[in-house]
Amino acid sequence: MIQYEIIVIYDKEYGEVIIFESNKYMNDSNDIVSEAILLELLEEKYRNKVRWAFSKSDYKY
(Lines give C-alpha, C1' and ligand atoms only; values in the text may rest on other atoms or scores of the structure.)
Protein backbone atom coordinates (compact mmCIF):
# COMPACT_ATOMS: atom_id res chain seq x y z
CA MET A 1 0.00 0.00 0.00
CA ILE A 2 1.19 3.48 -0.86
CA GLN A 3 0.26 6.36 1.41
CA TYR A 4 -0.88 9.66 -0.10
CA GLU A 5 -1.38 13.04 1.49
CA ILE A 6 -3.52 15.95 0.30
CA ILE A 7 -3.43 19.40 1.88
CA VAL A 8 -6.56 21.47 1.31
CA ILE A 9 -6.83 25.15 2.28
CA TYR A 10 -10.46 26.28 2.27
CA ASP A 11 -9.87 29.84 3.52
CA LYS A 12 -7.53 31.78 5.84
CA GLU A 13 -8.83 30.03 8.95
CA TYR A 14 -9.72 26.53 7.81
CA GLY A 15 -7.86 23.75 6.08
CA GLU A 16 -7.38 20.01 6.38
CA VAL A 17 -4.96 17.22 5.65
CA ILE A 18 -6.33 14.08 4.03
CA ILE A 19 -4.20 10.95 4.31
CA PHE A 20 -5.19 7.71 2.60
CA GLU A 21 -3.66 4.49 1.30
CA SER A 22 -4.15 2.89 -2.08
CA ASN A 23 -2.74 0.01 -4.08
CA LYS A 24 -2.58 2.26 -7.14
CA TYR A 25 0.69 3.98 -8.00
CA MET A 26 0.02 7.67 -8.66
CA ASN A 27 2.76 10.26 -9.01
CA ASP A 28 0.63 13.03 -10.52
CA SER A 29 -1.21 15.30 -8.08
CA ASN A 30 -4.29 15.34 -10.31
CA ASP A 31 -4.48 11.53 -10.14
CA ILE A 32 -4.14 11.62 -6.35
CA VAL A 33 -6.95 14.17 -5.99
CA SER A 34 -9.16 12.24 -8.43
CA GLU A 35 -8.66 9.05 -6.40
CA ALA A 36 -9.59 10.88 -3.18
CA ILE A 37 -12.77 12.13 -4.86
CA LEU A 38 -13.62 8.60 -6.02
CA LEU A 39 -13.10 7.34 -2.46
CA GLU A 40 -15.39 10.16 -1.25
CA LEU A 41 -12.67 11.69 0.92
CA LEU A 42 -12.94 15.03 -0.86
CA GLU A 43 -15.78 16.70 -2.73
CA GLU A 44 -15.27 17.68 -6.38
CA LYS A 45 -16.19 21.29 -5.64
CA TYR A 46 -13.06 21.63 -3.47
CA ARG A 47 -10.61 20.43 -6.14
CA ASN A 48 -9.41 23.99 -6.75
CA LYS A 49 -8.64 24.41 -3.01
CA VAL A 50 -5.99 21.66 -3.00
CA ARG A 51 -2.53 23.12 -2.39
CA TRP A 52 -0.41 19.94 -2.31
CA ALA A 53 -1.01 16.30 -3.18
CA PHE A 54 1.86 13.85 -2.96
CA SER A 55 2.86 10.34 -2.03
CA LYS A 56 4.61 9.66 1.25
CA SER A 57 7.61 7.38 1.06
CA ASP A 58 8.97 5.27 3.90
CA TYR A 59 12.37 5.22 2.25
CA LYS A 60 15.13 7.69 3.03
CA TYR A 61 17.31 8.70 0.10
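The values are calculated or read from the model by the stated rules, or taken from the named source; none is laboratory data. Being a predicted model, the structure only gives us computed values, none of them experimental. Quick reminder, even Gly has a Cβ in these numbers, built from the backbone with ideal geometry, and neighbours come from all protein chains shown. Remember, those area values only see protein heavy atoms, side chains included, never the ligands or the DNA or RNA. Shrake-Rupley method; radii C 1.70, N 1.55, O 1.52, S 1.80 Å.
Couple of notes before you dig in:
- For the chain, with all protein chains in place and a probe radius of 1.4 Å, 48% of the accessible heavy-atom surface sits on carbon or sulfur.
- Per residue value of the accessible surface for the chain (all protein chains in place, 1.4 Å probe), Å²: 79
- Label positions at residue 47 and residue 22, each projected 7 Å from the Cα along the C-beta direction, are separated by 1.3 nm.
- Candidates 46, 14, 25, ranked by Gaussian network fluctuation over the chain, Cα under 10 Å, top entry: 14
- Dipole magnitude for the chain: about 200 debye, using +1 per Lys or Arg Cβ and -1 per Asp or Glu Cβ, origin at the Cα centre.
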